[in-house]
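What follows is calculated from the coordinates using simple rules that are stated; it is not laboratory data. Quick caveat, the model's predicted, so the values are computed rather than measured. So basically every Cβ, Gly included, is an ideal-geometry build from the backbone, and we count neighbours across all protein chains shown.
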Ligand SMILES: Cc1cc2nc3c(=O)[nH]c(=O)nc-3n(C[C@H](O)[C@H](O)[C@H](O)COP(=O)(O)OP(=O)(O)OC[C@H]3O[C@@H](n4cnc5c(N)ncnc54)[C@H](O)[C@@H]3O)c2cc1C
């Protein structure tokens, strides 16, 4: 099998297939892991954690949990004066006996753990540009550097701007969700933790909304159960993880048509100090003093600009030897924190579907079809729910 993209979906799938003795190679366009900023916090709830448990070797799944924070399983929405507008159980918390509750991961750490044990199975610097069908039913992936690779199945796990999706389902549109974010971190050493308000640590994620058409602030603590580098060193064999301290993920978002918001290309070109100024300008005045205390500690060097997209309607399609998982087929705004959860769930569902397939006698396409049909049933309602929630809370289109 050929997997395009080494995000959470592609890496979970590579592990899942390997566990079932199915050969799979991941082709990733980045020159190396960590070649570009990948974002910070990533929250996995039941769908993602169950998928991860299914796909990863037990010791790696345990290392994921050992390095993740376990914040209270609540999501809180407040106004600029900190009055609580909503406070509910974190998304899709089932309360079943084996549910572990939401976990807050550091995204680069999670990726490093998921790359572990896939030596020789992940090719970096491999950007897929096209694929072609062979007469024997197999498919050949073509890469920017002229290399090709042929297999029974190509899985596009290549994210929101997926090349595989453009080739397979050219009619599918990815829409601008009308939201722009400035995303960064507030480092949490003991002094900072002491100085910051307790309410930030009482939920897995808190949204402070400025009201319709206005900016919002999002805050999510990442407090490691064990510091990742130490937890990795304690394993046999050792898993080499970077030293990273606790932090609060902190983002300021605003509608794309906010009068102070620059065009996307200009936003992306801003140096971090200018991003900070812009974000504070977008936020405007009248916020509770706790917000100012928090933002005074926002690490300017960590700031990244983001444009949020969401997949438009997708009609069912005929299954074949090319399929899609994750953001490649169901990108959604991050308001419900379900994108990576669903990508990892896809990986587990596709692994299950492919596990019983032995040859190219039609059973492979049948297995792909059964995965795609299930995925459409659970994933597209989450895209719609993310859109609705985004419209209500943060001015998504
Ligand atoms: C601010 C923010 C916060 C978020 N927080 C959460 C959260 O807390 N919980 C959650 O569940 N989700 C969250 N999400 C959503 C989550 O980030 C995505 O849904 C998730 O990363 C999708 O995983 P993926 O594997 O499908 O794609 P990606 O993570 O996008 O990975 C795709 C990979 O494919 C590679 N690629 C692309 N094109 C090619 C090509 N042509 N050839 C080879 N490789 C290619 C890319 O380089 C990339 O490595 C958040 C999103 C944002 C923007």
*Answer residue from the stretch 8-31, given it is surrounded by fewer than 23 Cβ atoms within 10 Å (Cβ to Cβ) and within 11 Å of the ligand (Cβ to nearest atom) and is farthest from residue 331 (Cα to Cα) among those*: 31
_Please verify whether residue 119 is surrounded by fewer than 17 Cβ atoms within 10 Å (Cβ to Cβ), within 24 Å of the chain's Cα centre (by Cα) and part of a loop (DSSP other than H, G, I, E, B), treating the condition exactly as stated._
yes
*Could you give every pair whose Cβ atoms fall below 9 Å, whose first residue belongs to the stretch 104-128 and is free of Cβ contacts under 8 Å to residues at least 40 places away in the same chain and farther than 15 Å from residue 141 by Cα, and whose second residue is within 10 Å of the ligand (Cβ to nearest atom) and part of a loop (DSSP other than H, G, I, E, B), counting only separations of at least 6 or pairs across chains?*
none
*Is one or more of the residues making up the stretch 103-114 within 14 Å of the ligand (Cβ to nearest atom), under 22 Å from the mean Cα position of the chain (by Cα), in a loop (DSSP other than H, G, I, E, B) and closer than 30 Å to residue 209 by Cα?*
no
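Matching residues to (1) buried (at least 24 other Cβ atoms within 10 Å of the Cβ); (2) touching a residue at least 40 places away in the same chain (Cβ under 8 Å):
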{"site": "290", "(1), (2)": "no, yes"}
{"site": "301", "(1), (2)": "no, no"}
{"site": "304", "(1), (2)": "no, yes"}
{"site": "338", "(1), (2)": "yes, yes"}
{"site": "345", "(1), (2)": "yes, yes"}
{"site": "362", "(1), (2)": "no, no"}
{"site": "366", "(1), (2)": "no, yes"}
